[in-house]
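A.B. asks: First, the structure itself, so that you have it in front of you.
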Amino acid sequence: MSQVDIRSPALTSAAQAWVDKLVAEQVASALAHQDPTLWGPRAQPEAARRLAWVTLPQTSRPLPATIEALRAELHSDGIDRVVLAGMGGSSLAPEVICATAAQEQGSSALTVLDTTDPGQVADALAGDLGRTVLVVSSKSGSTVETDSHRRVFAAAFAAAGLDPAAHLVVVTDPGSPLQRVAEADGYRAVITADPNVGGRYSALSAFGLVPAGLAGADITSLLDDAARQAPLLAVDDPANPALRLAAALAAGHAAGAEKVVLADTGSGIVGFADWAEQLIAESTGKDGTGLLPVVVDNPAAPGFADAGADATPVAIGPGGATAAVAVTGTLGEQMLLWEHAIAVVGRLLGINPFDQPDVEAAKVAARSQLKDASGPPPAFVDGDVEVHPVGDWLPAGVATLRDALGALVAATPRRGYLAVQAYLDRVADASAAVLRTELARRTRLQTTFGWGPRFLHSTGQYHKGGHQNGAFLQLTGALEKDIPVPGSGFTLGELQRAQALGDADVLAARGRPVLRLHLLDRAAGLVALVRALREPQ
């Protein structure tokens, strides 16, 4: 069973007071009974149709047999390579499930497409298409990135002399546009999910289980672990780990720790913090408040061991001597635990944990940018890097990459945060992730790193709806080759650019400093950027 160890003396008494209050108010049992009144009258209409995730360890029980039958059918046709097209909750859970299963079982390979970078998509297309099934996963059925992947792969299957419908599987909500297209075109399978489960709470639903199960992960054991955990989370008792975790996070927030720094400390789970990042940020980052998740590589990384008063370091696993809180348990146990805990945090912060009111703004801005192919010229070019400040925050006279980075740091509010947003290829350009460490070490500010547009379905909500004390370093890069999206009128590269510029405009309109760096040569530009960060100011 999962355990929550509150190790910080400063948090212990305040957290216990929150736990006692939650027990007295019978919040755990009310949540287990899907009571939509827990978050107040304003949130009640949304909560009333978003709580079915509580029973997923039981209601998802028929899925493993359905998925195994489909997997056997695919294998009988020589189709054993699984590519997933999905964003946010449709990709983060299957990715961590498969990565953990691969470590434990030595199999369960899953290629995840949560990108609009043409290079990364081209790499996925370069695999053996005859052996490939594309799982198209979208709750709404209209996610632009996922629909673009569907169109691109369908055309590629046809060009390879294959029947696209035989290589396409859909996971979506009942009645969505995607279901209608899939059924009209005779796709291999259409699996509908419970519409009363929100995307970021959907790990144990069809959205999490179908891609993972098709890839070979043991999803029955995952559900078993969650089912064993569920009764403990429903009890109004001070030992309830969800109440303890929620209370610790809320107590930290009340003391000024608006960031939650997540590090794996021997959990045996691969990439759990990336899944928890969306759950925390989209659920709590609104109404000018919330918890900003900061994912770090290890407990020795800057931002964790040296966390200041504005952050609560949380260990995922038994280690992490410097952690304020440690959470242990299997993947199924932890997924359900964190879902319960973050829903309860919403009550303690006075917000609705089930909406995402600021996500649409970036989508609207991206659509506007798609209509305007011309972009603003750079303020200046330094070697392989074009420098584009968004808004009027950059001081006059700045003419080098090093000084522009210094100005962005200087524009970050005290106790604020830096966010690196990389609209690049997260495989080929993976070295960009070192920028989080470099910036955090140099500035001693909490620093996040997100791959675009993936983070738009995760921390993007917090950036625009949470505490308005962030500064944003946005990276875009030159393309070697673009990919047209059939029937859309745009290419993947154009969509990627529009998403970056659109989000930058929305952030700037909220008064946030945004510095976009366009890498004319991606590899050389990243080297120059790291070098500039290491130069003394």
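A.B. asks: Could you please find all residues in the stretch 262-273 being crowded, with 20+ Cβ neighbours inside 10 Å and touching an Asp or Glu at 6+ places or on another chain (Cβ under 9 Å)? Spell out the reasoning first.
C.D. replies: Step one: filter the stretch 262-273 for residues crowded, with 20+ Cβ neighbours inside 10 Å, giving 262-265, 267, 269, 272-273.
Matches in the stretch 262-273: LEU262, ALA263, ASP264, PHE272, ALA273.
A.B. asks: Please return the ranges of helices (runs of 4 or more DSSP H) entirely within the stretch 82-175 where 3 or more residues are more than 21 Å from ALA212 (Cβ to Cβ).
C.D. replies: 118-125, 144-159
A.B. asks: Sticking with this structure for a sec: Filter the stretch 504-537 down to the residues that are under 23 Å from the mean Cα position of the chain (by Cα) and among the acidic types (Asp, Glu) and list them by number.
C.D. replies: Initial filter on the stretch 504-537 (under 23 Å from the mean Cα position of the chain (by Cα)): 504-508, 510, 512-517.
Hit for the stretch 504-537 is ASP505, nothing else.
A.B. asks: Name the residue that is surrounded by the most Cβ atoms within 10 Å (Cβ to Cβ), counting only residues in the stretch 212-261 that are more than 26 Å from THR459 (Cα to Cα) and of a type in the set (D, E, K, R).
C.D. replies: So the residue we want is ASP225.
A.B. asks: Also, I was wondering about something else. Filter the stretch 437-455 down to the residues that are under 18 Å from LEU517 (Cα atoms), part of a helix (DSSP H, G or I) and hydrophobic (A, V, I, L, M, F, W, C) and list them by number.
C.D. replies: LEU439, PHE455 - these are the residues of the stretch 437-455 that are under 18 Å from LEU517 (Cα atoms), part of a helix (DSSP H, G or I) and hydrophobic (A, V, I, L, M, F, W, C).
A.B. asks: Further, regarding this structure: Can you give me the number of residues within the stretch 417-474 that are hydrophobic (A, V, I, L, M, F, W, C) and over 24 Å from LEU495 (Cβ atoms)? If you could, list the steps in order and put the result at the bottom.
C.D. replies: Start the filter on the stretch 417-474 by keeping residues that are hydrophobic (A, V, I, L, M, F, W, C), which leaves 418-420, 422, 424, 427-428, 430, 432-435, 439-440, 445, 449, 451, 455-456, 471-473.
If we keep only those that are over 24 Å from LEU495 (Cβ atoms) as well, we get 418, 434, 439-440, 445, 471.
The total comes to 6.
A.B. asks: Among the candidates ALA305, ALA300, which residue alone is surrounded by fewer than 24 Cβ atoms within 10 Å (Cβ to Cβ), more than 16 Å from TRP39 (Cβ to Cβ) and either in contact with a Ser or Thr (Cβ under 7 Å, 6 or more places away or on another chain) or assigned by TED's automatic domain parsing to the domain that holds SER91 (or both)?
C.D. replies: ALA305
A.B. asks: Got a number for residues in the stretch 465-494 being surrounded by fewer than 24 Cβ atoms within 10 Å (Cβ to Cβ) and either assigned to a helix (DSSP H, G or I) or among the acidic types (Asp, Glu) (or both)?
C.D. replies: 4
A.B. asks: Return the pair list, or none, for Cβ contacts closer than 6 Å from residues in the stretch 376-398 that are assigned by TED's automatic domain parsing to the domain that holds HIS518 to residues that are among the hydroxyl-bearing types (Ser, Thr, Tyr), at least 6 apart or on different chains.
C.D. replies: Note: pairs meeting the criteria are ASP382/THR400.
A.B. asks: Then there's this: Go through (1) more than 20 Å from the chain's Cα centre (by Cα); (2) within 21 Å of GLN278 (Cβ to Cβ); (3) of a type in the set (A, V, I, L, M) one by one and return the number of the condition VAL427 breaks.
C.D. replies: Checking VAL427 against (1) more than 20 Å from the chain's Cα centre (by Cα); (2) within 21 Å of GLN278 (Cβ to Cβ); (3) of a type in the set (A, V, I, L, M), the one that fails is (1).
A.B. asks: Same structure again: For the stretch 518-537, give me the residue count where each residue is in a helix (DSSP H, G or I), modelled with pLDDT of 95 or more and charged (D, E, K, R).
C.D. replies: Result for the stretch 518-537: 2.
A.B. asks: Out of the residues in the stretch 299-338 that are among the polar types (S, T, N, Q) and within 23 Å of THR284 (Cβ to Cβ), state the one that is farthest from the chain's Cα centre (by Cα). Spell out how you get there, then give the answer.
C.D. replies: So in the stretch 299-338, the residues among the polar types (S, T, N, Q) come out as 312, 322, 328, 330, 334.
Remaining after also requiring within 23 Å of THR284 (Cβ to Cβ): 312, 328, 334.
Working: THR312: 20, THR328: 21, GLN334: 16 Å.
Applying the filter and picking the extreme gives THR328.
A.B. asks: Anything in the stretch 249-268 that is assigned to a loop (DSSP other than H, G, I, E, B) and either touching a strand residue (DSSP E or B) at 6+ places or on another chain (Cβ under 7 Å) or free of Cβ contacts under 8 Å to residues at least 60 places away in the same chain (or both)? List them, or say none.
C.D. replies: ALA257, GLU258, THR265, GLY266, SER267, listed by residue number.
A.B. asks: Mind checking whether some residue in the stretch 39-55 is of a type outside the set (Gly, Ala, Ser), in contact with a Ser or Thr (Cβ under 8 Å, 6 or more places away or on another chain), crowded, with 21+ Cβ neighbours inside 10 Å and not assigned by TED's automatic domain parsing to the domain that holds TRP275?
C.D. replies: Here is the first cut: in the stretch 39-55, the ones of a type outside the set (Gly, Ala, Ser) are 39, 41-42, 44-46, 49-51, 53-55.
Now drop any that are not in contact with a Ser or Thr (Cβ under 8 Å, 6 or more places away or on another chain), which leaves 44, 53.
Applying the additional criterion that residues be crowded, with 21+ Cβ neighbours inside 10 Å yields 53.
This time we only want the ones that are not assigned by TED's automatic domain parsing to the domain that holds TRP275, so: 53.
Checked the stretch 39-55: at least one residue is of a type outside the set (Gly, Ala, Ser), in contact with a Ser or Thr (Cβ under 8 Å, 6 or more places away or on another chain), crowded, with 21+ Cβ neighbours inside 10 Å and not assigned by TED's automatic domain parsing to the domain that holds TRP275.
A.B. asks: Another one. Could you check ASP114 against (1) among the charged types (D, E, K, R); (2) within 24 Å of the chain's Cα centre (by Cα); (3) surrounded by fewer than 22 Cβ atoms within 10 Å (Cβ to Cβ) and say which number it fails?
C.D. replies: If we test ASP114 against (1) among the charged types (D, E, K, R); (2) within 24 Å of the chain's Cα centre (by Cα); (3) surrounded by fewer than 22 Cβ atoms within 10 Å (Cβ to Cβ), just (3) comes out false.
A.B. asks: In the stretch 177-206, what residues are buried (at least 20 other Cβ atoms within 10 Å of the Cβ) and part of a loop (DSSP other than H, G, I, E, B)?
C.D. replies: TYR187, ARG188, ALA193, VAL197, GLY198, SER202, ALA203, LEU204, SER205
Residue by residue, here is whether (1) over 22 Å from TRP275 (Cβ atoms); (2) at pLDDT 95 or above; (3) small (Gly, Ala, Ser); (4) not assigned by TED's automatic domain parsing to the domain that holds GLU277 holds:
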| residue | (1), (2), (3), (4) |
| --- | --- |
| ASP77 | yes, yes, no, yes |
| ARG81 | yes, yes, no, yes |
| SER107 | no, no, yes, yes |
| LEU110 | no, yes, no, yes |
| ASP128 | yes, yes, no, yes |
| GLU145 | no, yes, no, yes |
| ALA158 | yes, yes, yes, yes |
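A.B. asks: Against the conditions (1) within 22 Å of GLU73 (Cα to Cα); (2) surrounded by fewer than 24 Cβ atoms within 10 Å (Cβ to Cβ); (3) under 17 Å from the mean Cα position of the chain (by Cα), where does ARG131 fall short? Just the number, please.
C.D. replies: Condition not satisfied by ARG131: (3).
The values are calculated or read from the model by the stated rules, or taken from the named source; none is laboratory data. All values reported here derive from a predicted model rather than from experimental measurement. Here Cβ is always computed from backbone atoms with ideal geometry, including for glycine, and neighbour counts include all displayed protein chains.
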